[in-house]
Every structure is written in C-alpha cells, then in structure tokens.
Amino acid sequence: MDYTQSKNQPEILLVDDTPEHIETAVTVLRENNFRVRIATKGSTAFKLIEQHPPDLILLDVYMPEMDGFEICRIIKTESDYSSIPIIFLTSSNDAESIKKGFELGAQDYVVKPFNTSELLARVHTHIKLKKQTESLITANHELDSFCYTVAHDLKAPLLSLSKLTEYLALDYSDRLGIDGRELIDNIQDKSKEMIRLVNHLLELSRMSEMPMNIEPINLELLFREVFNDLITLEPARNVEFNIESLPIIQGDPVMIKLLVINILTNALKYTRNQKQAHIEATTIENETEFIISVNDNGVGFDMRYSSRLFSVFQRLHSQNEFEGSGVGLAIIQRILKRHHALAWMTGEVDEGATLFFSFGKA
Ligand SMILES: Nc1ncnc2c1ncn2[C@@H]1O[C@H](COP(=O)(O)OP(=O)(O)OP(=O)(O)O)[C@@H](O)[C@H]1O
Ligand SMILES: [Mg+2]
C-alpha cells in the first residue's frame, strides 16, 4: 500500500494478471490520487475485499484459476459487497464478454489497451454514483428514524388526550348539553383517527428495520384467517370471499400477515357500499414467480392517478367517503420490497379494483 496517499482518497481494487496492464493502470490511477490495491487472482481479490471493501473494482475478464465473470458473479450475488461498482477490462471487439459482464451485474467496461482518459472518466463517474447512492440511503434511513421518533413521541400525548376526553364525557356529560357532547364526540373521533395514523406510521417504519425470519407460509390459510378476523368486526356486512388456490410462499410471518391485513382491509373498506360485496384471491404462476391478485367489486379508482397509490399519505378517496390515513399500500410495498417482491394495482371507477403482487418462488 502507498502510505503517502490519504485515507480519504477513493480506493480501487485492480484484479488483473498482466504486468503491463497493471503498470499502466496503476500509474494513471495513482497520478490521479486514487489509492490502488492489486490482486492477480480471484482468491486474493476476495481476501482484499474482505479486509477492506474498495470503492470500485477494475476486473480483467481472462485470468487463470477463476475468470473475471465468476469473480463478478460471486461479488454481485453471493457476497455482502454487491454495491461495489465493477468495471470490466476486456479486449477490443469482444462483444460477447461485454454482454456477459453486464448480465452479471457489472456497471461498465473499458477496452484494453486503455485509453487513459476514458478509464479515468469511467472510474470517476462510477465512484461518484456510488457515493450519491450511499448518501441517498443514509438520508432515507435518517428520514425513517425521524418519522419513527415523531410518530412514537406523538403517541403518548395522543393517548392521554383521548383518555382525558373520555373522562370528560363520562364525568361531566350532564353539564355539557347536547352541543357539548357532540363536540366531545368529534374530538374523540379525531383523536382516534390520529392514533390510527400514528400506529400506521410506526408500522411503516418498523417494516424497514425489523429483522426477518423466513419460513413457509400457507397464504390460503392466512387469507382465510385474516378475513374471518376482519369480518367479525363488521357482522352486518354481506361479503362473498373466494379463494382460488393460493400458494405456499417463503416469507416473514409477521410481515406477511400485516400485508394480508392491509390488502383485505382495503378490499372490505372500498366495497362497503355494495349490497353484495365480492372479493376474490387467485394466483397465476410462471417458472420463477407467483402473481397473486385480490380483486373486489368496490368503488374502484381512476387509473390516471394509480402511480400515487403506493406513496405515503396519498389517497384517492376523501375522508368523508372512506376513512383512512393513506399508509396501508406504502406498508404493503415496503413489506414486499423486503421480500424482493412488488405490488401494483388496477381499477376503474365504480368497477372495482385489483391488487397484484408478485412473489418469487423459493
Ligand atoms: N381496493 C381498493 N379499491 C379502491 N380504491 C383503493 C383500494 N385500495 C386502495 N385504494 C385507494 O388507494 C388509496 C391508498 O390506499 P391505502 O391503503 O394506502 O390507504 P387508506 O386505505 O386510505 O388508509 P390506511 O392507511 O388506513 O390503509 C386509498 O385511499 C384509496 O383511494
Ligand atoms: Mg388501506
């Protein structure tokens, strides 16, 4: 290692076994204030990455023992270092290698023999991108903890407020008169709404941080159990719930239950005005994933605004029509993201809505 260079300078790991290439690359990179470490084979590269992860890896395609593709595949899919950008070093007119490199997750390539300004430009770009991504991730984490703290600190005073108005209503109802009691009712409704919102926000934050515990989950049983729980809260409703074969998936049971609760709460809420509500859960599958859909015959929504649905606090219906905080679908998406899965929705005004989510097969 060159100790004359500062620790703050970006560090590059060069994995190459050709002395002339090493020499050219190292000279130009050091002249431009990068710290450079060198590995002439895969096993050394992994050791150096473990010791201290570099900011970028320059990777030769052809090497004895283990070629650059295999090294790239392992770093990108089997290690904790998949976010380190990799630039492949290939020989000219090697379109196949370039294609394969990109497929394996490499960020870029440079053709040998190097054009030094091109090499530098690409290295600079990818290090800058990596730093920007890292600062976005940190900012998101900070925002999440901020959201958690605000929600958490609001919860206790809100609960007191709700309790205090309850006592007021109980102990002073004869002195309040009809108007006074109506005001108290309104205050209680609003504080319940705020408590629901705060609880939802806390759930949303928890879904990003909570450690996962993956096990097989029978979705069909889970959907039935959650539906039965929810429908007992609304015994007067007339709802037909059909399940047409749902799979067993690998997921975190706490998170997946919350996912199903949010999906069915929406389906029940937005079919509330139907004399006969229909909710149906089905699955289609391909080789790699299940696509599960939950369809309802409720009020539906205007597809023009569908891109907003999964963002926090975005609602397409007013509070008077349907109560809610606009957090449920954001929780759904966050849970699915933690499972490397995805949700989307389709709907039409007065024609019902369908929530889809894709879930990888184990
Ligand atoms: N099944 C559905 N049918 C029609 N509109 C829906 C359906 N599901 C969601 N939406 C629309 O998407 C919006 C966002 O849904 P989301 O579940 O995030 O929030 P919410 O139900 O309003 O409140 P909560 O935070 O209590 O879940 C809803 O306000 C509604 O406009
Ligand atoms: Mg909801």
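The values are calculated or read from the model by the stated rules, or taken from the named source; none is laboratory data. Computed from a prediction, not measured in an experiment: that's the story for all the values here. As a convention, Cβ positions derive from the backbone with ideal geometry for all residues, glycine included, and neighbour counts pool all protein chains shown. To get the accessible areas, we keep the full protein, side chains included, count just its heavy atoms, and leave off ligands, DNA and RNA. Shrake-Rupley method; radii C 1.70, N 1.55, O 1.52, S 1.80 Å.
Structure above, values below:
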read-out: Pairwise FRET efficiency - Glu321 versus Ile137, Cβ, R0 = 41 Å, nearest 0.05; value: 0.65
read-out: Cβ-based charge dipole, the stretch 11-114, positive-most Cα from Val15, Cys72, Leu56; value: Leu56
read-out: Extension gain, Ser162 back to Lys192 (0.36 nm per residue minus Cα-Cα distance, nm); value: 10.1 nm
read-out: Gain in span if fully extended, Glu65 to Asn273, counting 0.36 nm per residue against the direct Cα distance; value: 68.1 nm
read-out: Charge dipole of the chain about the Cα centre (unit charges at C-beta), most positive-ward option of Thr346, Leu29, Asn242; value: Leu29
read-out: Residues with amide H under 5 Å from that of Glu285, placed H, sequence gap 5 or more; value: Ile291
read-out: Where Tyr81, Tyr305, Tyr62 fall by accessible area, highest first, once all protein chains stay in place (1.4 Å); value: Tyr62, Tyr305, Tyr81
read-out: Relative contact order (%) - the chain, alpha-carbon pairs under 8 angstrom, separation at least six; value: 10 percent
read-out: Accessible area of the chain belonging to carbon and sulfur atoms, whole % at 1.4 Å probe; value: 54 percent
read-out: Residue-normalised accessible area of the stretch 233-274, given per residue in Å² at a 1.4 Å probe; value: 46 Å²
read-out: Calculated FRET efficiency for the pair Glu78/Thr44, C-beta based, R₀ 22 Å, to 0.05; value: 0.80
read-out: Highest to lowest packing among 213-220, 295-302, scored as the average C-beta count within 10 Å; value: 295-302, 213-220
read-out: Greater than 25 Å apart at Cα, pairs in Lys41/Lys131; Lys76/Lys361; Lys41/Lys100; value: Lys41/Lys131
read-out: Accessible area per residue in Å² at 1.4 Å probe, computed on the stretch 138-209; value: 70 Å²
read-out: Size of electric dipole in the stretch 30-82: Cβ of Lys, Arg +1 and of Asp, Glu -1, about Cα centre, debye, nearest 20; value: 180 debye
read-out: q = 0.15 Å⁻¹: log10 I(q)/I(0) that the Debye formula gives for the stretch 299-360, counting C-alpha atoms only; value: -0.46
read-out: Gain upon complete extension [Ala121, Lys155; 0.36 nm per residue less C-alpha separation]; value: 7.1 nm
read-out: Inter-label distance for His340 and Glu225, nm, one decimal - labels placed 7 Å from Cα along Cα-to-Cβ; value: 2.6 nm
read-out: Residues of the stretch 11-114: accessible area per residue with a 1.4 Å probe, Å²; value: 47 Å²
